[in-house]
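Taking it in order: structure first as structure tokens, then the write-up.
No value in this document is a laboratory result; all are computed from the given coordinates. Since this is a predicted model, take the numbers as computed values, not measurements. Please note: Cβ atoms are built from the backbone with ideal geometry, for glycine as well, and neighbour counts cover all protein chains shown.
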Amino acid sequence: MAENAPAPGLHPKLQPLAFMLGTWRGEGEGEFPTISSFRYGEEIKFSHVGKPVIAYTQKTWKAASGEPMHAESGYFRPTGEGSLEAVIAQSTGLAEVQKGTYDSKNQSLELGSSLVGNAAKVVEIRRHLKYEGDELRYTVQMGTHTHEAQRHLQAVLKRV
Ligand code: HEM
């Protein structure tokens with residue numbers, strides 16, 4: 001596409017997920033039984049180019065100092081009525097294939113890992129995301145070799 005071509009229209013398959021689109025900024029907190037809890041700043045972008053797929057980029061930083069932390073990127077793809085998949089690559093080298101469902105009325109989605117690759121400790125990742133009252137909220141749960149799936153992250157972001 002030429003660089004100054006008009007913005008592409010939203011693919012009809014993305015209409016139920018349109019609540020995700022945009023640039024979001026906010027704060028979150030991380031925890032796990034094996035680590036000290038921490039607070040972070042975060043920016044998320046969900047974008048599209050007219051195809052039936054949402055591109056995802058995320059970066060985080062230490063809330064106190066602004067020092068860069070974790071980053072990840074990937075693609076969210078609706079696969080049918082109410083179902084979707086995602087592939088996500090993390091800055092730590094871990095790769096995820098996620099499958100799950102979305103609810104366009106509730107403006108939410110839920111994903112569970114069908115594949116976690118190149119991970120030293122992680123065996124399972126679950127992601128929940130919901131748009132409510134102008135805010136995007138998500139949680140990430142993870143299970144490791146030593147601990148059942150439980151919350152590692154939760155954050156609240158606003159559209160910028
Ligand atoms: C620790 C995985 C996202 C910050 C950990 C650990 C794992 C992990 C396996 C070590 C737990 C242990 O030693 O028992 C993941 C996965 C993520 C994710 C799978 C995404 C799905 C994030 C994000 C941040 C973050 C977004 C920052 C905003 C941390 C910190 C620690 C940690 C600060 C503690 C490190 C330490 O004490 O050495 N994470 N993480 N993680 N994670 Fe995450």
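State which entries of LYS13/LYS121; LYS62/LYS99; LYS99/LYS121 exceed 27 angstrom in Cα-Cα distance in the structure shown.
Numbers: LYS13/LYS121 36 Å; LYS62/LYS99 30 Å; LYS99/LYS121 21 Å.
Check vs 27 Å cut-off fails for LYS13/LYS121; LYS62/LYS99.
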Fraction of alpha-carbon pairs over 18 Å apart in region 6-123 - percent: 59 percent
Just to be sure I understand the model, the point goes 7 Å from the Cα along the line to the Cβ. What's the resulting ARG159 to ALA18 distance in nm? 1.0 nm
Can you list the HN-Hα couplings for region 119-131, worked out from phi with the Karplus curve (6.51, -1.76, 1.60; θ = phi - 60°), rounded to whole Hz and with x for Gly and Pro? 10, 6, 10, 7, 10, 8, 9, 10, 10, 10, 9, 8, 9
What is the sum of charges, Lys and Arg at +1 and Asp and Glu at -1, for the other residues whose Cβ falls under 12 Å from the Cβ of THR23? +3
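To the nearest 0.05, how large is the calculated FRET efficiency for GLU124 and SER104 if R₀ is 35 Å and r is the Cβ-Cβ distance? Before the final figure, lay out each step's value.
Numbers: r = 26 Å, r/R0 = 0.75.
Between GLU124 and SER104 the formula returns 0.85.
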If you find the alpha carbon centre of region 138-160 and of region 41-101, how far apart are they in angstrom? 13 Å
With the dipole of region 10-70 defined by +1 on each Lys or Arg Cβ and -1 on each Asp or Glu Cβ, the option from GLN58, PHE19, GLY41 whose Cα lies farthest towards the positive pole is PHE19
